[in-house]
Amino acid sequence: MAQTLTGKTIAILATDGFEQVELTEPMKALKDAGATVEIVSPKQGEIQGFNHFDKGDTFKVDRAVSAADASAYAGLMLPGGAHNPDNLRIDEDALKFVRAFFDAGKPVAAICHAPWILIDAGVAEGRKMTSYKTIRTDLRNAGAEVVDEEVVVDEGLVTSRNPDDLPAFCAKMIEEFAEGRHEGQAEATQNADRPVAH
């Protein structure tokens, strides 16, 4: 793969309960493209991956989300797994971090259950996306246009449904991250109604 992301630092936002392959495959693709990758989390130390319902490996956290500055990163990747986004969507530091990428028009890639986080960050409204089938009603209720496709790109926002979509997801993620800032990403966010903080 071409070193299209050389000199760029990408954040992966995750906590315990992420679907392991949805972190490891995108991280490998990002590194293969020349990016520096940091795992950002509300949790200190290490976070626990899962292979569906079974515990997988643990991964070192590079930076606490409370101390992370979105301006230091060129893009954001959000892995799925049901527990991981369910915990992140109620963490105010995590939501602020996610919102900052959208406000700056920076590319974001989210797979499986991860679009849940986008709902609570107030950035799903008016966006075209896909997700794991069980959360599509939640996305529609948040004002998103939901489709059942392998990978969907909307102004720098890349979404996919499940681990089977990872090859297409990773390819589009690299492409969008290489392109950099998307004016439409920031505009879409500024036009959306923001939720009141929890």
Open item on the list: For segment 39-51: of the residues being part of a strand (DSSP E or B) and not β-branched (Val, Ile, Thr), which is surrounded by the most Cβ atoms within 10 Å (Cβ to Cβ)?
Closed with: Ser41
Task: Selection within segment 36-73 - touching a Gly at 6+ places or on another chain (Cβ under 8 Å) and not hydroxyl-bearing (Ser, Thr, Tyr) - done: Gln48, Gly49, Phe50, Lys55, Gly56, Asp57, Phe59, Lys60, Val61
Open item on the list: For Ala29, only one of the following conditions fails: (1) in a loop (DSSP other than H, G, I, E, B); (2) in contact with a Cys (Cβ under 9 Å, 6 or more places away or on another chain); (3) of a type in the set (A, V, I, L, M). What is its number?
Closed with: (1)
Task: Check on Leu95, closer than 15 Å to Gly17 by Cβ and either within 14 Å of the chain's Cα centre (by Cα) or of a type outside the set (A, V, I, L, M, F, W, C) (or both) - done: no
Open item on the list: Within segment 25-38, does at least one residue satisfy the condition of being more than 23 Å from Ala168 (Cβ to Cβ) and either of a type in the set (A, V, I, L, M) or within 12 Å of the chain's Cα centre (by Cα) (or both)?
Closed with: no
Open item on the list: Which condition from (1) more than 16 Å from Pro26 (Cβ to Cβ); (2) in contact (Cβ under 8 Å) with a residue 60 or more places away in the chain; (3) in contact with a Lys or Arg (Cβ under 9 Å, 6 or more places away or on another chain); (4) surrounded by fewer than 22 Cβ atoms within 10 Å (Cβ to Cβ) is the one that Gln185 breaks?
Closed with: (4)
Task: Conditions (1) buried (at least 20 other Cβ atoms within 10 Å of the Cβ); (2) farther than 20 Å from Ile111 by Cα: number failed by Ile12 - done: (2)
Task: Number of positions in segment 15-25 that are in a helix (DSSP H, G or I) and either surrounded by 24 or more Cβ atoms within 10 Å (Cβ to Cβ) or of a type in the set (S, T, N, Q) (or both) - done: 4
Task: Lone unmet requirement of (1) of a type outside the set (Asp, Glu); (2) surrounded by fewer than 20 Cβ atoms within 10 Å (Cβ to Cβ); (3) assigned to a helix (DSSP H, G or I) for Thr6 - done: (3)
Task: One residue from Glu179, Glu175 being at pLDDT below 95 and more than 11 Å from the chain's Cα centre (by Cα) - done: Glu179
Open item on the list: Here is a check on your reading of the model: is Asp148 outside any loop (DSSP other than H, G, I, E, B), in contact with a Ser or Thr (Cβ under 7 Å, 6 or more places away or on another chain), among the charged types (D, E, K, R) and farther than 20 Å from Leu30 by Cβ?
Closed with: no
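The values are calculated or read from the model by the stated rules, or taken from the named source; none is laboratory data. This structure is a prediction, so every number in the text was calculated from the model and none was measured. Quick reminder, even Gly has a Cβ in these numbers, built from the backbone with ideal geometry, and neighbours come from all protein chains shown.
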